[in-house]
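The values are calculated or read from the model by the stated rules, or taken from the named source; none is laboratory data. In this text the structure is predicted, and so the values were computed from the model without any measurement. Note that we place each Cβ from the backbone using ideal geometry, even for glycine, and neighbour counts take in every protein chain shown. Note: accessible area is taken over every heavy atom of the protein model, side chains too, but ligands, DNA and RNA are not part of it. Shrake-Rupley method; radii C 1.70, N 1.55, O 1.52, S 1.80 Å.
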Amino acid sequence: MKVQKKDKQVIKSNKISRRTLLAGMVAAAVLPVNPIFAKHVQTGPHTVPEPPEDPTKTIGPGPSAQGKRSTFEHPIRKFSETSSRSPLQDFHSTITPSDLHYERHHAGVPIIDPQKYELLIHGMVERPMKFTLAELKRFPAVSRICFLECAGNFRGGKEELTPQEILGLTSQSEWTGVMLSTLFREVGADPKALWFLAEGSDAAVMTRSVPVKKAWDDAMIVYAQNGEAIRPEQGYPVRLLLPGWEGNMNIKWLRRIELSDEPYMTREETSKYTYPVKDRIRMFSFEMDARSIITFPSYPQKIMPGWVEIRGIAWSGRGKIEKVEVSTDAGKTWQDARLQDPVLSKAHTYFRHLWQWNGNPTEILSRAVDETGYVQPTLQQLAEARGTAMGGYHMNPITSWQIKTDGSTLFKPE
């Protein structure tokens, strides 16, 4: 056992107790399965290039060390200096391919040697400890499917916007790791500790204060994503996962957790990630509110008169989606969409609604209702609750698509 002095506390390399192993929890998650579409239902433009020759006359490539997409498929993220947006309109289920998961960071992606990685847990604990990646993987593993979403995930202002450009800062994966509560029991977290500081290894040293109750609920320390090691952009080798809470709190490249009896008031929770609510400033807005978006039809797709399957995703940081309502007459009437199983807590839920379009111009909208009874608001309702100077965080208004007489689809900015 290695022992060293740090901050007047003894830091011990971790030895997993028999009690911890026996108390391990295992969670199972099932990937959604797409049903077979009806023969005459429009499902979006699928342009399949004609092959250069009869494929039965030519022997194709053999096995390879790593798979790749068809040369006819080109889903890409739209990126800027600080973020990359997922192509929501290109997905056929709620699971985001790892290489298309949205990306947001504050000082680039650090390169971290997994053999040298350590996670320090200290502060108001009985046994401050450092955990290597191998030691974290010795704890009972848990997997769950949930979404991540940037607190600033909304963009509008013009008609020529895709779902990717409007709400592309959300993605969903199956995450695997160890429950943070398991580690807190291992280090002997003080019952009087109310907050913990999570600190990243990036050049911004991204830090956020998190209520300890989240650790005892469903917080995880994760090292795998969709069956493989987490991608570097997502926090390799280890990140914090806080299901349902705003993305910036899910600290990537996690290197330190410190328990305390009060929040740390870091830069990212004082000058950043706060927003005005009328004459006050709101801080510590953890949960992501329920929202939805129609991904087909959407800009720049076109439809024809006849049966159209309206499709999209809905999600809530407070639990399961209870229902999604769709309007095909600019919000005058609403019908319940069909939710695709499994409907998971704090996860993207796929919805579908059959609509017979008569060729007349109209607007189509969706609104989500979660299991707490919360109903996705309009932009006007948000302004009435917060004031007109709302800032860019936690904006979850109902989005509307305009259907023109020629079948073209445009976003309706407000």
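Quick notes on this one:
- Among the candidates Arg267, Arg291, Arg280, Arg311, residue that is over 30 Å from Lys116 (Cα atoms), open to solvent by 60 Å² or more (accessible area, probe 1.4 Å) and not aromatic (Phe, Trp, Tyr): Arg280
- Just one of the listed residues (Pro397, Pro342) is over 20 Å from Leu169 (Cβ atoms) and surrounded by 13 or more Cβ atoms within 10 Å (Cβ to Cβ), namely Pro342.
- Applying the criterion of being surrounded by 23 or more Cβ atoms within 10 Å (Cβ to Cβ) and aromatic (Phe, Trp, Tyr) to the residues of region 224-254, the residue that is farthest from Ser285 (Cα to Cα) is Trp253.
- Considering (1) out of contact with any Phe, Trp or Tyr (no Cβ under 6 Å at 6 or more places or on another chain); (2) within 27 Å of Ser400 (Cβ to Cβ); (3) part of a loop (DSSP other than H, G, I, E, B), the lone condition that Glu159 does not fulfil carries the number (1).
The rows are residues; the columns are (1) under 25 Å from the mean Cα position of the chain (by Cα); (2) not aromatic (Phe, Trp, Tyr).
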{"site": "Val324", "(1), (2)": "yes, yes"}
{"site": "Trp355", "(1), (2)": "no, no"}
{"site": "Glu384", "(1), (2)": "no, yes"}
{"site": "Trp401", "(1), (2)": "yes, no"}
{"site": "Leu410", "(1), (2)": "no, yes"}
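- Matching residues, region 282-311, being in a strand (DSSP E or B) and on the phi > 0 side of the Ramachandran plot: Gly306
Residues are listed down the side, and each one gets a yes or a no for (1) in contact with a Cys (Cβ under 9 Å, 6 or more places away or on another chain); (2) open to solvent by less than 10 Å² (accessible area, probe 1.4 Å):
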residue: Cys146; (1), (2): no, yes
residue: Gly156; (1), (2): no, no
residue: Pro163; (1), (2): no, yes
residue: Gln172; (1), (2): yes, yes
residue: Pro191; (1), (2): no, no
residue: Val205; (1), (2): no, no
